[in-house]
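Trainee: Below you will find the structure I want to go over with you.
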């Protein structure tokens, strides 16, 4: 690798870890020299011959992942795959993931996908993919391992809270087609809306369902089910929150530059006309789900029922690089109307009920959270 390029990379790494406000210029150059010395020793003494380009990619990715679980580096190949429509060429598992402690952590399995059907749960740690250790790999590399042709199988080895032994899941990849909104009328008087992700047209689907329910004069209350919803578009979270609010702040974002801080507010007009509302959440409710649940809780517009949410309260941006790769970088954090941050802590329910099933289907007899919500609304 060109020595000038190595110097630039090392210099950028040191700018982050050893900023000038805390270190003298001589200290920075000492660290640059040290890094160069370590790299030279590795190239000369390491037991196996290494690919210097891959080593530098790993160094860049290590820098980004040391910041938080959601920042990462994408090589030109991975970035290109992310942008390309695979249209039946590749299949997926249907899980939203992040990186924690060097392994892949499941944020949430998506309804009716291979992962959810197989029994993967929010909070699971994927330690092996087809017997390949995840430890030491970047999130992008791990995700790449999980992709493959439709109909092909994959084995995931999982560590789960409360389980002493590792669990193994054999899953067949499928094309992931997400129907983000499902709805039904429960007990003849409760409008049930399940939102599985915040896609581009989720708000249109929910608005249509609410208007349909409102035409039924018997509907007296609503249940909004956000369990195992990993999030999605911020704009959708704001608009869907607005459907149930008449005024007030929905969410704010704060970044390093105060000039880029923003706040979003509800417009006048509650589509449900103030009817009773229960929001179901669990550990798989993340990001945009937490914005909606937190806003409705802070405004005392809804009762939150279930489990504490995931705690993903940050905004990521994809920033292209000159080498045709990109970095995914956290640029801001979400704050609820109360001023509380979602990051790491999540949103707590008003009524805590531990779920007894991982299958969220309308009128499932074993769904204790949904059944409790129905009883609560019917008095």
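Only the coordinates and a few stated rules stand behind these numbers; no lab work does. Since we're looking at a predicted model, the values are computed, not measured. Neighbour counts run over all protein chains shown; Cβ positions are idealised from the backbone, glycine included.
Trainee: If you fit an axis through the alpha-carbon atoms of helix 25-45 and take the longest principal axis of the Cα set of the chain, what angle between them do you get, 0 to 90°, nearest 10?
Mentor: Long axis of 25-45 versus the principal axis of the chain: about 80 degrees.
Trainee: Of all DSSP beta bridges located in the chain, what percent are antiparallel, nearest 5? Intermediate values should be presented prior to the final figure.
Mentor: Working: 47 of 64 bridges.
Counting DSSP beta bridges with both partners in the chain, the antiparallel share is about 75 percent.
Trainee: Something else now. Tell me, what is the Rg over Rh of region 220-317, with Rh the Kirkwood radius over Cα pairs? Intermediate values should be presented prior to the final figure.
Mentor: On the way: Rg = 13.3 Å, Rh = 13.7 Å.
So for region 220-317, dividing Rg by the Kirkwood Rh gives 0.97.
Trainee: Additional query: Checking the a/c ratio against 1.5 first, then a/b against b/c, what shape does the Cα gyration tensor give for region 85-172? Can you show the working numbers first?
Mentor: Numbers: a/c = 1.64, a/b = 1.32, b/c = 1.24.
Prolate.
Trainee: Related question: Taking Cα pairs under 8 Å and at least six residues apart, what relative contact order does the chain come out at, in percent?
Mentor: Details: 764 pairs, mean separation 49.6, N = 379.
Here the relative contact order equals 13 percent.
Trainee: A follow-up question, please. Test of understanding: ordering 146, 74 by Cβ neighbours within 10 Å, fewest first, what list do you get? It would help to have the intermediate numbers written out before the result.
Mentor: Working: 146 21, 74 29.
Arranged by neighbour count, lowest to highest, 146, 74 become 146, 74.
Trainee: I need 239, 262 ordered by Cβ neighbour count within 10 Å, fewest first. Let's see the in-between values first.
Mentor: On the way: 239 21, 262 11.
Final ranking by Cβ density, sparse to dense: 262, 239.
Trainee: May I ask you to sort 185, 156 by Cβ crowding, counting other Cβ atoms within 10 Å and putting the fewest first?
Mentor: Values: 185 15, 156 24.
Lowest to highest Cβ neighbour count: 185, 156.
Trainee: So, one more: Given a Förster distance of 22 angstrom, what is the FRET efficiency for residue 368 paired with residue 201, based on the Cβ-Cβ distance and rounded to 0.05?
Mentor: Working: r = 32 Å, r/R0 = 1.43.
It comes out at approximately 0.10.
Trainee: Once fully extended, how much extra length lies between residue 101 and residue 263, figured as 0.36 nm per residue of separation less the alpha-carbon to alpha-carbon distance? Kindly include the intermediate steps, with their values, before the conclusion.
Mentor: Numbers: separation 162, 0.36 × 162 = 58.32 nm, distance 3.27 nm.
Stretched fully, the residue 101-residue 263 segment lengthens by 55.1 nm.
Trainee: Across every pair of different alpha-carbon atoms, what Kirkwood hydrodynamic radius in Å does region 150-193 reach? Please list the in-between numbers first.
Mentor: Details: mean 1/r = 0.0698 Å⁻¹.
About 14.3 Å for region 150-193.
Trainee: If you line up the long axis of helix 368-377 against the longest principal axis of the chain, both from Cα atoms, how many degrees apart are they, to the nearest 10?
Mentor: Taking the Cα atoms of the chain, the angle to 368-377 is about 40 degrees.
Trainee: Once Rh for region 31-149 is found with the Kirkwood sum over Cα pairs, what is the Stokes-Einstein diffusion coefficient at 37 °C and 0.692 mPa s, in µm²/s? Display every interim value, and only then the final one.
Mentor: Details: Rh = 16.2 Å.
Stokes-Einstein gives a translational diffusion coefficient of 203 µm²/s.
Trainee: Quick check: the distance between the Cα centres of region 263-282 and region 330-350, to the nearest angstrom?
Mentor: Using only Cα atoms to place each centre, the spacing works out to 18 Å.
Trainee: Could you state the angle between the C-alpha long axis of helix 202-215 and the longest principal axis of the C-alpha atoms of the chain, as a value from 0 to 90 degrees rounded to the nearest 10?
Mentor: Compared with the principal axis, the helix lies near 10 degrees.
Trainee: Checking the a/c ratio against 1.5 first, then a/b against b/c, what shape does the Cα gyration tensor give for region 257-313? Can you show the working numbers first?
Mentor: On the way: a/c = 2.96, a/b = 1.11, b/c = 2.66.
Taking the square roots of the gyration eigenvalues as a ≥ b ≥ c, region 257-313 is oblate.
Trainee: So what's the convex hull volume per residue for the Cα atoms of the chain, in Å³? Let's see the in-between values first.
Mentor: Numbers: hull volume 62.3 nm³, N = 379.
Output value, Cα hull per residue: 164 Å³.
Trainee: Counting only helical runs of four or more DSSP H residues, what would the 222 nm mean residue ellipticity of the chain come to if each run contributes -39,500 (n - 2.57) and the total is spread over all its residues? Before the final figure, lay out each step's value.
Mentor: Values: 10 runs with 116 residues, N = 379.
For the chain, the value works out to -9500 deg cm²/dmol.
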